[in-house]
Amino acid sequence: MIHRPVIASLLLSLGLSTASLAETSNANINVRQISHFKVGSDETTFGSFKFLGGIEFESDNDLVGAISGFRFLEDRTTFLAVADTGYWFKGKLDRGDDGQPKGVSSFQIASILDQNGSPSRDKWQFDAEGLAIKGDRAFVSFERNARIDGYPLDNVLSAPVDVNVPVQIPAYEFRRNGGLEALAVSPSDSPLKGAMVALAERSVDEKGNLFAAIVDGPQAGVFTVKRHSPFDITDADFLPGGDLLVLERRFNIASGVGMRIRRIAGADIIKGALVDGDVLLEAGAGYQIDNMEGMSITKDEKGHINVTLVSDDNHSFLQRNLLLEFRLIEN
């Protein structure tokens, strides 16, 4: 089967219009429930989290997958996501009476557009990795052509870029396929006062620390994050109190895939600082994980802080699309 990006390239090479490729399409999503995080165990508490439930999902639409950034909107049901293949995904997470994830509905797909309203032509130009919601805009960080673009949230699936945010980190510091990976917006009443933060996946300074930046606001500037090999940053989001949770993953032949979540004090994030934090959760072989790349932190109607994780299947039959949900256990 010829994939949509290939079709787009063929049309462009022939001088034909790609307008139709920018249109929104729908997809049916099939799910399988995940009731236990640790395979073969009834445990529910893992580190600082209680596992609430999850789903494995797939579709007969071959564009579904490769999710690299994920955010719930205010209702905790509607979600927005980006794929590193250059697409928006928008849908609803269906929940049971207990609030656990049960299914996905109203799933829509659209090409991420450039400032001229054109769909993605080359993957390296639209390698979307991070996603954050700030006010009436959705911001996306792109890895290989490092930039942060903003899109109007009310018509994000069909809108061109309408604002660009300076990255702060010098372009020459980004390593190939290890550039901008995570994007998060701090709470307005936190030390960063609503500023947006970007973190690199594997781009490090001369001391081996990961580049990061406060990209807007009066405190804008570069800081670094302590890297603990073999883990790489894949996403981040702020807790309501202002601390930053950082999602990381590892993969090697010997131990396979792994993930962990680190907590960084919000007050430590200032221009020029080197920050680190405690590991709240770590999981590897024997757990229901895959290539975990997206995270969204929300507060439910009872005031509980929930953390939702999603995986990037790389459009590989050897990997899975997962959505896992946890509740933060505060001491």
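The values are calculated or read from the model by the stated rules, or taken from the named source; none is laboratory data. Model, not experiment: these values are computed from the prediction. Note that each Cβ is placed from the backbone with ideal geometry, even for glycine, and that neighbours are counted across all protein chains shown.
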Any hit, segment 145-153, residues being surrounded by fewer than 19 Cβ atoms within 10 Å (Cβ to Cβ), in contact (Cβ under 8 Å) with a residue 12 or more places away in the chain, part of a strand (DSSP E or B) and basic (Lys, Arg): yes
Condition broken by residue 282, with the remaining ones in (1) in contact (Cβ under 8 Å) with a residue 60 or more places away in the chain; (2) surrounded by fewer than 16 Cβ atoms within 10 Å (Cβ to Cβ); (3) not aromatic (Phe, Trp, Tyr) satisfied: (2)
message: Could you check segment 97-120 and list, in sequence order, the residues that are crowded, with 18+ Cβ neighbours inside 10 Å and not aliphatic (A, V, I, L, M)?
response: 101, 107, 111, 119, 120
statement: Quick count over segment 197-226, residues being in a strand (DSSP E or B), in contact (Cβ under 8 Å) with a residue 24 or more places away in the chain and not small (Gly, Ala, Ser), is 11
message: Which of the numbered conditions does residue 289 fail, given that it passes all the others? Conditions: (1) at pLDDT 95 or above; (2) exposed (fewer than 14 other Cβ atoms within 10 Å of the Cβ); (3) not aromatic (Phe, Trp, Tyr).
response: (2)
message: Of all residues being among the hydrophobic types (A, V, I, L, M, F, W, C) and not in a strand (DSSP E or B) in segment 18-52, which is surrounded by the fewest Cβ atoms within 10 Å (Cβ to Cβ)? Just the residue, please.
response: 39
query: Mind checking which residues of segment 121-134 are under 18 Å from the mean Cα position of the chain (by Cα) and either surrounded by fewer than 17 Cβ atoms within 10 Å (Cβ to Cβ) or over 19 Å from residue 296 (Cβ atoms) (or both)?
result: 123, 124, 125, 126, 127
query: Do we have any residue at all in segment 246-268 that's surrounded by 15 or more Cβ atoms within 10 Å (Cβ to Cβ), more than 22 Å from residue 66 (Cβ to Cβ), of a type in the set (Asp, Glu) and under 20 Å from the mean Cα position of the chain (by Cα)?
result: no
- request: Please verify whether segment 202-223 includes one or more residues that are within 30 Å of residue 38 (Cα to Cα), buried (at least 20 other Cβ atoms within 10 Å of the Cβ), at pLDDT 95 or above and not hydrophobic (A, V, I, L, M, F, W, C).
  value: no
query: So which residues in segment 142-190 are charged (D, E, K, R) and under 17 Å from the mean Cα position of the chain (by Cα)?
result: 143, 144, 147, 149, 181
query: Which of (1) crowded, with 21+ Cβ neighbours inside 10 Å; (2) touching an Asp or Glu at 6+ places or on another chain (Cβ under 9 Å); (3) not polar (S, T, N, Q) does residue 237 not meet, given it meets every other one?
result: (2)
query: Got a number for residues in segment 310-331 being in contact with a Ser or Thr (Cβ under 7 Å, 6 or more places away or on another chain) and β-branched (Val, Ile, Thr)?
result: 1
message: Could you check segment 228-245 and list, in sequence order, the residues that are over 19 Å from the mean Cα position of the chain (by Cα) and farther than 21 Å from residue 134 by Cβ?
response: 228, 229, 230
Hey, residue 106 modelled with pLDDT of 95 or more and under 21 Å from residue 314 (Cβ atoms) or not: no
- request: Return the only residue of 173, 181 being buried (at least 21 other Cβ atoms within 10 Å of the Cβ), within 20 Å of residue 225 (Cα to Cα) and acidic (Asp, Glu).
  value: 181
- request: Tell me, yes or no, whether segment 57-80 has at least one residue that is in contact with a helix residue (DSSP H, G or I) (Cβ under 9 Å, 6 or more places away or on another chain), aromatic (Phe, Trp, Tyr) and crowded, with 22+ Cβ neighbours inside 10 Å.
  value: no
